[in-house]
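Asks: Let me begin by handing over the structure; questions about it come next.
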Amino acid sequence: MDMLGGLTASEFLRDYWQKKPLVIGQAFPGLTSPVSPDELAGLACEEGVESRIVLENDNGKPWQLHNGPFTPERFSELPEQDWTLLVQGLDHWVPEVADLLEHFRFVPNWRLDDIMASYAPRGGSVGPHYDQYDVFLLQAQGERRWTFGGHCDQSSPRVEGTPLRILSSWDGEETVTLAPGDMLYLPPGVGHHGVAVDDCITLSIGFRAPTVDDVLTGFTDFLCSQADASEHLRDPDLQVQDNPGTIQPAVIDTLDDLLRNKLGDRRKLSLWFGQYATAPKSMDIVVPAEEPASPEDLAAAIQSGEQLRWNEGSRFAYYDFEDDTALFVDGEQYLLKGDARPMAPLLCAGAYIDADHLAQFTDDEALLGLLCTLYNQGSVYFE
């Protein structure tokens, strides 16, 4: 893949993914930024947009963080240099930015998080730090000088007096300057520090992975929501004990069997994870259609070749069981059986759904109803 510097996706995953950094010159040749600094500032003033400003020196305090939304006047108060504006989830609000994610589908949908934009004037940065996730840093405007390298963790020394996790006593191992179209991949835990050479915009394509705590608490909460979770333990074979304070091994055996049976239910685990992994990051963008469509209207639009695409904030995934397929969209599950099962991979292959293949399903009343549900709840729309 040209985007990976001539590496195939398999070669990249084998040799670099979560292993070592990779600098890719002109991963996106001729790239021009899909957003301007003024547009980013405008988004940062909106209530539903997550935004932050990082000041390297805020009245003598190092690396201070300010959360949006901001007023337009706030930007006129900023110094000429040494600050950064961060806008999270830019792909949720700008379709052209969301389209960039299609180049990264060699990583499963559920691992993709979002695209964050970082604007900085000369000297601006968010300080030397490390992340817990994989990230591709794509230069969209201007130039940024990156120093990176060395593994960091919770024991790495940090700067005091800042709410940010800024590394101290860190030098990095390699330095490179990225121009528009250049890209840097960094695995989790690799220290890095990017400084704007001039007014620049960097797009961070971030990936996510659940923590062990996420999995344990999420799945057990899901199990606790099942109908049989309110049932009480029973002991019809209870016998008199020598000491009433003893907890008998048989009690622990019963609990052990119960937990193993519940936690070992792979179907329930798959259904929970599909819902968990596709829950939208922002409910502010996945909103019902302004004009609900009828199944007939939807069928006519699809058959005429209109392009149906995902909402920029929606997430799609599926899991094949032996006898059915679970489709997951925005935290909801839909079980497909028989001839309906191919609908799931079709909907999940990419943000732009193949119109010709989709038209083949419009004669099925149930599947047309599913598409209508996804459209009316805002998970898909026609371009």
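The values are calculated or read from the model by the stated rules, or taken from the named source; none is laboratory data. Just so it is clear, the structure is predicted and the values come from calculations on it, not from any experiment. As a convention, Cβ positions derive from the backbone with ideal geometry for all residues, glycine included, and neighbour counts pool all protein chains shown. The area values use the complete protein model at the heavy-atom level, side chains included, leaving out ligands, DNA and RNA. Shrake-Rupley method; radii C 1.70, N 1.55, O 1.52, S 1.80 Å.
Asks: Take the residues in region 162-177 that are hydrophobic (A, V, I, L, M, F, W, C) and in a strand (DSSP E or B), then tell me which one is nearest to PRO128 (Cα to Cα).
Replies: LEU167
Asks: How do the pairs read when you match residues in region 232-248 that are under 24 Å from LEU259 (Cα atoms) and of a type outside the set (Ser, Thr, Tyr) with residues anywhere that are part of a loop (DSSP other than H, G, I, E, B) and open to solvent by less than 90 Å² (accessible area, probe 1.4 Å), using Cβ under 7 Å and keeping only pairs 6 or more apart or on different chains?
Replies: As it stands, the answer is GLN248/GLN241, since those pairs meet every condition given.
Asks: Only one residue in GLY181, GLY189, GLY245, GLY206 is open to solvent by less than 50 Å² (accessible area, probe 1.4 Å), of a type in the set (Gly, Ala, Ser) and on the phi < 0 side of the Ramachandran plot, so which one is that?
Replies: Unique residue meeting the criteria: GLY206.
Asks: Okay, moving on. Is it the case that some residue within region 303-314 is within 22 Å of ASP114 (Cα to Cα), surrounded by 18 or more Cβ atoms within 10 Å (Cβ to Cβ) and without any contact (Cβ under 8 Å) to a residue 40 or more places away in the chain?
Replies: no
Asks: State yes or no: is ASP198 at pLDDT below 95, of a type outside the set (A, V, I, L, M, F, W, C) and surrounded by fewer than 16 Cβ atoms within 10 Å (Cβ to Cβ)?
Replies: So ASP198 does not fit the description; no.
Asks: Something else: I'm trying to understand the selection: among the residues of region 129-147, which are more than 23 Å from the chain's Cα centre (by Cα) and either of a type in the set (Phe, Trp, Tyr) or not in a strand (DSSP E or B) (or both)?
Replies: Hits for region 129-147 are GLY142, GLU143, TRP146.
Asks: Whether any residue in region 308-317 is more than 19 Å from GLY378 (Cα to Cα) and more than 18 Å from the chain's Cα centre (by Cα) is what I want to check.
Replies: No, because not a single residue in region 308-317 is more than 19 Å from GLY378 (Cα to Cα) and more than 18 Å from the chain's Cα centre (by Cα).
Asks: Identify, by number, the condition in (1) surrounded by 12 or more Cβ atoms within 10 Å (Cβ to Cβ); (2) in contact with a helix residue (DSSP H, G or I) (Cβ under 8 Å, 6 or more places away or on another chain) that PRO72 doesn't meet.
Replies: (1)
Asks: Sticking with this structure for a sec: Residues that are without any contact (Cβ under 8 Å) to a residue 12 or more places away in the chain: find the helices (runs of 4 or more DSSP H) completely inside region 1-110 holding 1 or more of those.
Replies: 9-15, 37-44, 72-76
Asks: Where residues in region 327-383 are under 15 Å from ALA317 (Cβ atoms) and among the aromatic types (Phe, Trp, Tyr), which of them is surrounded by the fewest Cβ atoms within 10 Å (Cβ to Cβ)?
Replies: Checked region 327-383; the qualifying residue surrounded by the fewest Cβ atoms within 10 Å (Cβ to Cβ) is TYR334.
Asks: Follow-up. Would you be able to say whether some residue in region 277-295 is assigned to a helix (DSSP H, G or I), closer than 16 Å to GLY218 by Cβ and either at pLDDT 95 or above or open to solvent by less than 60 Å² (accessible area, probe 1.4 Å) (or both)?
Replies: Scanning region 277-295 turns up at least one residue that is assigned to a helix (DSSP H, G or I), closer than 16 Å to GLY218 by Cβ and either at pLDDT 95 or above or open to solvent by less than 60 Å² (accessible area, probe 1.4 Å) (or both).
Asks: Is it the case that some residue within region 144-166 is of a type in the set (A, V, I, L, M), buried (at least 16 other Cβ atoms within 10 Å of the Cβ) and touching a Cys at 6+ places or on another chain (Cβ under 9 Å)?
Replies: Checking region 144-166: not a single residue is of a type in the set (A, V, I, L, M), buried (at least 16 other Cβ atoms within 10 Å of the Cβ) and touching a Cys at 6+ places or on another chain (Cβ under 9 Å).
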